[in-house]
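To keep things clear, I will list the structure first and then write my remarks on it.
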Amino acid sequence: MSNGNYMGIYRTVNIPNSLYQSVEGRYFVGQTGFLNFGCCKNAWGALVNPSNSNVNIFVNVFTISNYSRLPFNAEIWLNSTLPDSGNSSNSVSPTNTTLNPAPCPRGKIVSAQIINGTPVNGVNVFNRIIPPETTIVSEEDGKFIIPPGGNFAIFLPSPAPENIIANIAFGWWEERIRQCSCCC
């Protein structure tokens with residue numbers, strides 16, 4: 001019975017991939033600070049994979065919170081060049097907090113607010129309408145894979161002559177890029 005075999009029946013357990021990645025120390029979460037935009041000024045938050053990371057980033061989930069009384073549009077961009085260099089967030093953590101030392105993510109959450117300009121290059125793959133005083137959650141299950149030097153960005157264009165406050169959060173896992181040493 002110690003191997004899960006009872007009368008020829010074996011026990012199997014299925015767990016979500018995000019839980020598996022967390023147990024392995026590869027799952028991370030984090031958020032931007034509050035982002036101010038409106039009055040013809042824009043904002044953005046992005047999950048950035050540095051060019052020297054040697055990992056692929058698998059975007060599992062993102063959230064967008066709207067603290068204002070006005071709706072706004074959020075544009076989701078892949079591998080774009082964003083206006084302004086932005087600031088890195090310190091609000092990032094592995095989800096498995098039992099590991100010692102704690103794993104450090106290679107990915108960075110970067111954001112900018114009260115800026116001019118829009119993303120260039122890359123692809124605006126879809127948009128979301130964010131209702132007033134609401135948080136939307138989009139579970140992507142790792143289907144967006146971001147290579148070194150790439151990003152998964154959420155651009156918030158100015159919707160009105162009023163100030164809007166939002167924030168953006170991401171959940172992701174990282175997998176090391178395996179280098180082929182064979183002669184193919």
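Bear in mind that the values in this text are calculations on the coordinates, not laboratory data. In this text, all values refer to a predicted model and were calculated from it rather than measured experimentally. Glycine also receives a Cβ, built like all others from the backbone with ideal geometry; neighbour counts cover every protein chain displayed.
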Screening Trp77, Trp44 for residues that are farther than 17 Å from Phe34 by Cβ, touching a residue at least 60 places away in the same chain (Cβ under 8 Å) and in a strand (DSSP E or B) leaves only Trp77
Among the listed residues Thr97, Thr118, Thr63, which satisfies the condition of being farther than 20 Å from Trp172 by Cβ and either β-branched (Val, Ile, Thr) or not in a loop (DSSP other than H, G, I, E, B) (or both)? Thr118
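Being over 19 Å from Phe28 (Cβ atoms) and among the hydrophobic types (A, V, I, L, M, F, W, C) narrows it down to one of Val92, Val120, Val59, so name that one. I'd like the intermediate steps shown before the answer.
Working: Val92 fails: over 19 Å from Phe28 (Cβ atoms); Val59 fails: over 19 Å from Phe28 (Cβ atoms).
Matching residue, one of Val92, Val120, Val59: Val120.
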Condition check for Lys143: closer than 19 Å to Phe28 by Cα and surrounded by fewer than 17 Cβ atoms within 10 Å (Cβ to Cβ): yes
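Go through the range 138-169 and give me each residue that's touching a Gly at 6+ places or on another chain (Cβ under 6 Å) and not in a loop (DSSP other than H, G, I, E, B). Write out each step before concluding.
The first filter runs over the range 138-169 and keeps only residues touching a Gly at 6+ places or on another chain (Cβ under 6 Å), leaving 154, 158, 160, 162-164, 168.
Answer for the range 138-169, where residues must be touching a Gly at 6+ places or on another chain (Cβ under 6 Å) and not in a loop (DSSP other than H, G, I, E, B): Ile154, Ile164, Ile168.
With outside any strand (DSSP E or B), free of Cβ contacts under 8 Å to residues at least 12 places away in the same chain and under 26 Å from Pro119 (Cβ atoms) as the only criterion, which of Asn90, Asn52, Asn14 stands out?
On the way: Asn52 fails: free of Cβ contacts under 8 Å to residues at least 12 places away in the same chain; Asn14 fails: under 26 Å from Pro119 (Cβ atoms).
The match here is Asn90.
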